[in-house]
Amino acid sequence: MTTTTTPWIGRFVWHDLMTTDLKRSQAFYRELFDWSIESVPMGPVIYSMIMTGTGPIGGMMEEKSIPMSHWMPYCAVKDVDATAARCQELGGSVCVPPTDIPGTGRFAVCGDRQGAYFSIFAGIPESPGADPDQLAHGRVCWNELMTSDDDDAQRFYSALFGWTQQNMDLGEMGLYRVQMAGEKHAGGIMRTPMPGTPSWWCVYFAVNDLAQSTAKARELGAKVLVENQAIPEIGTFSLLEDPVGAMVALFQNR
């Protein structure tokens, strides 16, 4: 059992891309964010570590059998086993049971009551995850749950992670629930504007120039679903489907 003393409990500290085409994903994100990607042997598999100018932030793994490529956020917890058990008690699921990552820590893959998937993680002191407060081009800056039932999702995550909410009225878009881990932002929860679509966690990456990065993503084969959309008093974002089908967002501060 691994417990952690990370200062980022209840916040997302790592992000993996589960992809059906590793080479294509590597080529796209290297070019888009200027990442370097290092191959790290982990038992029978090779893990592709994502390196930014400010350090590692996540990785990529090829899974040919998954229904679609997707980004997976990892939330830091004190005790993976206890949190996984609590997830099941709350009506969620545990898709990958608590498992050791040699030389790194312990993790599990969970699902909430609406079917959105996320991972929980407890790192050893030498590997606590990526500092969620260190923002730079190509680093994750936000995580947002798009869910079919925001009321129930709020109850679930508050009970699981101890998150509290700060509400923002988006008018016709409904209520946006900013999630707080103590005094720090943990992410957001909102009802999906596309009824009937699966619930999922959207990962936002910071960019220096949103218009330029969005155009570059399109040139590299991404499908742009929302382009340079303003978030009043906060910034602008674009929502993309990358060349292997994973949804991802780009964000620029105002």
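The values are calculated or read from the model by the stated rules, or taken from the named source; none is laboratory data. Predicted model only: the values in this text are computed from it and were never measured. Positions of Cβ are generated from backbone atoms using ideal geometry, with glycine treated the same way; all protein chains shown enter the neighbour counts.
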Item to check | Filter pass, Ser158 being surrounded by fewer than 18 Cβ atoms within 10 Å (Cβ to Cβ), at pLDDT 95 or above and of a type outside the set (D, E, K, R) | outcome: yes
Checklist entry - Restricting region 40-60 to residues that are within 15 Å of the chain's Cα centre (by Cα) and without any contact (Cβ under 8 Å) to a residue 60 or more places away in the chain, which is surrounded by the most Cβ atoms within 10 Å (Cβ to Cβ)? => result Ile50
Item to check | Boolean, Val178 is closer than 23 Å to Met61 by Cβ and not hydroxyl-bearing (Ser, Thr, Tyr) | outcome: no
Next on the checklist: For region 179-254, give me every one of the strands (runs of 3 or more DSSP E) that falls completely inside it and has 1 or more residues that are at pLDDT 95 or above and out of contact with any strand residue (DSSP E or B) (no Cβ under 8 Å at 6 or more places or on another chain).
Outcome noted: 184-191
Next on the checklist: Checking Leu17 against (1) surrounded by 22 or more Cβ atoms within 10 Å (Cβ to Cβ); (2) under 14 Å from Ile120 (Cα atoms), only one condition comes out false. Which one?
Outcome noted: (2)
Next on the checklist: For region 18-64, give me the residue count where each residue is assigned to a strand (DSSP E or B) and under 18 Å from Val207 (Cα atoms).
Outcome noted: 8
Item to check | Set Ile189, Ile234: member being under 15 Å from Tyr176 (Cβ atoms), assigned by TED's automatic domain parsing to the domain that holds Gly162, β-branched (Val, Ile, Thr) and touching an Asp or Glu at 6+ places or on another chain (Cβ under 6 Å) | outcome: Ile189
Checklist entry - Checking Pro44 against (1) at pLDDT 95 or above; (2) farther than 30 Å from Ser213 by Cβ, which test does it fail? => result (1)
Checklist entry - Do any strands (runs of 3 or more DSSP E) entirely within region 65-142 hold 2 or more residues that are touching a residue at least 24 places away in the same chain (Cβ under 8 Å), under 17 Å from the mean Cα position of the chain (by Cα) and outside the structural domain of Leu160 (by TED's automatic domain parsing), and if so, which? => result 70-76, 105-111, 117-123
Item to check | Any pair with Cβ under 6 angstrom, 6 or more apart, that starts in region 12-39 at a residue that is over 28 Å from Val77 (Cα atoms) and ends at one that is among the hydroxyl-bearing types (Ser, Thr, Tyr) | outcome: Thr20/Ser69; Ser25/Thr19
